[in-house]
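Below is one structure; the comments refer to it alone.
The values are calculated or read from the model by the stated rules, or taken from the named source; none is laboratory data. Since this is a predicted model, take the numbers as computed values, not measurements. Note that each Cβ is placed from the backbone with ideal geometry, even for glycine, and that neighbours are counted across all protein chains shown. For accessibility, only protein heavy atoms count, side chains too; no ligands or nucleic acids. Shrake-Rupley method; radii C 1.70, N 1.55, O 1.52, S 1.80 Å.
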Amino acid sequence: EHDRRDLLIQNLSLHLPNGRLLLPNLDLQFSANDKILVTGPSGSGKSTLFRAIAGIWPYGNGQIVKPADAHLMLLPQKPYIPIASLREAITYPSLADSYDDEAIRKALIAAHLPDLVAHLNEVDNWSQRLSGGEQQRLAIARALLARPNWLFLDEATAALDESTEAAIYQTLAEHLPQTTIISIGHR
């Protein structure tokens, strides 16, 4: 029985661009408000499954039934960060004025980036200026601002040490209690 708040995957087969079958006949059901860790060997199709759910992987067939009110957000291991002001980098893909300074400040602090609060109006190549872990925490700040009801973390904390990663997951649980979090990870 499919609960309309759940995400349902039926008879989904995913292929690589060259046609090679990656994931055959997948049937899954993710329940709203679950916290799920997806594990498996490298190259087994975990990231491709997330891309298919997000609608950005065209190589496959089957059915992905999303809840009608689904606001999905996918955070990859290496987030895209535009060359722009820090405010624009944090609010991406939304417009910079979509959130007030206080909301941005709170998101940065919650994502363990308090030192960046003073730099909101600085324009820089933030993907070069910030470390991998800082970039991942900036993406977490984006999620805290966007408040999706489905958050897919594709090794989105892999550059963090274990204690910071645990703190970030605790932050997500506290700040996004109604969000279903599905994470790919190795820890």
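In the range 139-168, the residue that is nearest to Pro76 (Cα to Cα) out of those that are over 11 Å from the mean Cα position of the chain (by Cα) and acidic (Asp, Glu) is Glu165. With respect to the conditions (1) within 13 Å of Phe152 (Cα to Cα); (2) within 15 Å of the chain's Cα centre (by Cα), Ile81 falls short on a single one, namely (1). Within the range 1-29, no residue satisfies the criterion of being within 21 Å of the chain's Cα centre (by Cα) and either within 16 Å of Asp154 (Cα to Cα) or surrounded by fewer than 12 Cβ atoms within 10 Å (Cβ to Cβ) (or both).
The set of residues from the range 26-56 being touching a strand residue (DSSP E or B) at 6+ places or on another chain (Cβ under 6 Å) and among the polar types (S, T, N, Q) comprises Gln29, Asn33, Ser47, Thr48. Within the range 19-34, identify whether any single residue is among the charged types (D, E, K, R) and within 16 Å of Ser183 (Cα to Cα), and answer yes or no. Yes, the range 19-34 contains at least one residue that is among the charged types (D, E, K, R) and within 16 Å of Ser183 (Cα to Cα).
Residue check: Ile53 meets all listed conditions (1) of a type in the set (A, V, I, L, M, F, W, C); (2) surrounded by 14 or more Cβ atoms within 10 Å (Cβ to Cβ); (3) over 29 Å from Phe30 (Cβ atoms) but one, namely (3).
Against the list (1) crowded, with 18+ Cβ neighbours inside 10 Å; (2) at pLDDT 95 or above, the condition Tyr59 fails is (1). What do you reckon, is Ala68 farther than 30 Å from Glu162 by Cβ and in contact (Cβ under 8 Å) with a residue 24 or more places away in the chain? Yes, satisfied. Considering the range 33-56, the residues that are among the hydroxyl-bearing types (Ser, Thr, Tyr) and over 13 Å from the mean Cα position of the chain (by Cα) include one that is modelled with the highest pLDDT, namely Thr48. Candidates Glu88, Glu102, Glu165, Glu134: the one that is within 22 Å of Lys46 (Cβ to Cβ) and free of Cβ contacts under 8 Å to residues at least 24 places away in the same chain is Glu165. For the range 32-43, the criterion of being open to solvent by less than 40 Å² (accessible area, probe 1.4 Å), among the small types (Gly, Ala, Ser) and without any contact (Cβ under 8 Å) to a residue 60 or more places away in the chain is met by at least one residue.
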